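**Q** One structure follows; several queries about it will come next.
None of the figures in this text is laboratory data; all of them are computed from the coordinates on show. In this text, all values refer to a predicted model and were calculated from it rather than measured experimentally. Every residue, glycine among them, receives a Cβ derived from its backbone with ideal geometry; neighbour counts consider all protein chains shown.
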Amino acid sequence: MANGLTEAFAETGVSVFASAQDIRAELLIVAATEPKAVWWRNFLRVTMFITFVGQSTNIINLPSPFSSLYNMDRIGAFFIKILVELVGQLPFRVTRLLSDLSCFLLLNVFNYRKRIVHGNLRKSFPEKNEEEIKVLSSQFYRHFSDMLLESVKGLTMSKAELQQRFVYRNPEIFQPLFEKKQSAILLGSHYGNWEWGVLSFPLSVQHTVVGTYKPLKNKALEEYLNSLRKQWGLHLADMAHTGRAIVSYKNQPSIFVLIADQTPSDMRNAHWTDFLHQDTPFLHGMDKLARKTGYPVFYFEIERVKRGFYEVTFSLLCEAPKNLPEGEITRLYANHLVATIRKSPANWLWSHRRWKRKRPVPSSAELKN
């Protein structure tokens, strides 16, 4: 890997240095002798600036601009930290203005997943005409932009402000379980501001709250974001190892929070059901875990009261999952989610390619069985 990078940089006339000052002189040489290396020159200027500022201010500790290429995760995490801190310092009236600007850019300049959003809405609401679909699409982009800024700002919000803006109507529903030292499974979706829900839920119950997440490729960024998510008591578990997490918390009453409307990668084991007029695959894990553990299953619905304010209601989905046939919990969850979405369609994540996969055709061996 190191030799490959060295050779790549050698093609531009730049060698591997030990300090940012050397880059400044070498860039001048590159600019004079390699006029065609425009892309590399710009890349190196950015690298020089990052390293020079970082070394001069001790914000980041990078031994050289090129050795940092072996650890680009830290550079990415560094800029995300700056973004989080900057947004965290802004009052909400400013973040709303930024959200309005973001909405305009996403919808009218970048056309961000416009066809996907429009197509998903049209198929999910066949009873609506084209004008109504366009209105829903615009409302989605406004909510999506708000949610992006709010999610970033939520990472540095105070406990008091988070509890003021994200209110739980009936958290006492879990108290009888806690008194019996019984755990539960809580199912949510990409609706409303689910990030604030994950952050604040531990403040509302006595149970240990365990949230499942999909690990990032950037481990430095993952470590930073998870440290902020855990500041109010949240425990985190890799969604690929949810079963292990349930075993590790078996001696303490816990609530395992699953955002369960993601598209599964395993189509053959997925649970298929009618969802918004379409044949839709769901993760089979929530159903499997509930029936295996016997933990009661709850559903949470987020209502957007106004910009920056939400209320959450919990409901019991299934008290004795071991008594249900395979796939029934998935069906119950899908029906509850449809009801939630129909109340305020714009608040769901329509930019997701939710229906990109089709039900696999059974093999001859499967048909025989």
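**Q** To check my understanding: the extent here is largest minus smallest coordinate of the Cα atoms along each principal axis. What are those three numbers for segment 284-348, in Å, largest first?
**A** 40, 17, 15
**Q** Check which residues have an amide H placed less than 5 Å from I259's amide H, if you skip close sequence neighbours.
**A** So I259 has HN proximity to G188, T212.
**Q** Spelling out what I want: for every residue of segment 192-202, take phi, set θ = phi - 60°, compute 6.51 cos²θ - 1.76 cosθ + 1.60 (Karplus), and round to whole Hz; glycine and proline get x.
**A** Using θ = phi - 60°, the values come out as x, 10, 5, 5, 5, x, 5, 5, 9, 4, x Hz.
**Q** I've got another one for you. Can you work out ³J(HN,Hα) from phi for every residue in segment 297-303, in order, using Karplus 6.51 cos²θ - 1.76 cosθ + 1.60 and θ = phi - 60°, giving whole Hz and x for Gly and Pro?
**A** Computed from phi, the couplings for segment 297-303 are 10, 10, 10, 10, 10, 9, 10 Hz.
**Q** Further question: Explain nothing, just compute: Karplus ³J(HN,Hα) = 6.51 cos²θ - 1.76 cosθ + 1.60, θ = phi - 60°, for every residue of segment 355-361 in order, whole Hz, x for Gly and Pro.
**A** Once rounded to whole Hz, the list reads 10, 6, 9, 10, 4, x, 7.
**Q** Amide H of Y310 versus every other amide H placed in the peptide plane: which residues, excluding those fewer than 5 positions away on the same chain, fall under 5 Å?
**A** Under 5 Å from the amide H of Y310 lie the amide H atoms of F166, V167, V305, each far enough along the sequence or on another chain.
**Q** Which residues' amide hydrogens lie under 5 Å from the amide hydrogen of R354, considering only partners 5 or more residues apart or on another chain, with H built in the peptide plane?
**A** Amide H neighbours of R354, under 5 Å, 5+ apart: none.
**Q** Could you compute the net charge surrounding L187? Neighbours are other residues with a C-beta less than 15 Å from the C-beta of L187; K and R count +1, D and E count -1.
**A** That works out to -2.
**Q** Please label the shape of segment 164-351 as rounded, prolate or oblate, based on the square roots a ≥ b ≥ c of the eigenvalues of the alpha-carbon gyration tensor (a/c under 1.5 means rounded; beyond that, a/b larger than b/c means prolate, else oblate).
**A** Values: a/c = 1.18, a/b = 1.06, b/c = 1.11.
Rounded, since a/c falls under 1.5.
**Q** In what order do F282, F178 fall by count of nearby beta-carbon atoms within 10 Å, going from fewest to most? Walk me through the numbers before you get to the answer.
**A** Numbers: F282 24, F178 17.
Sorted ascending by nearby Cβ count, the order is F178, F282.
**Q** Another one. Check the straight Cα-Cα distances from K180 and name the lysines below 20 Å, setting aside those fewer than 8 residues away within the same chain.
**A** Within the straight-line cut-off, K180 pairs with K250, K292, K322.
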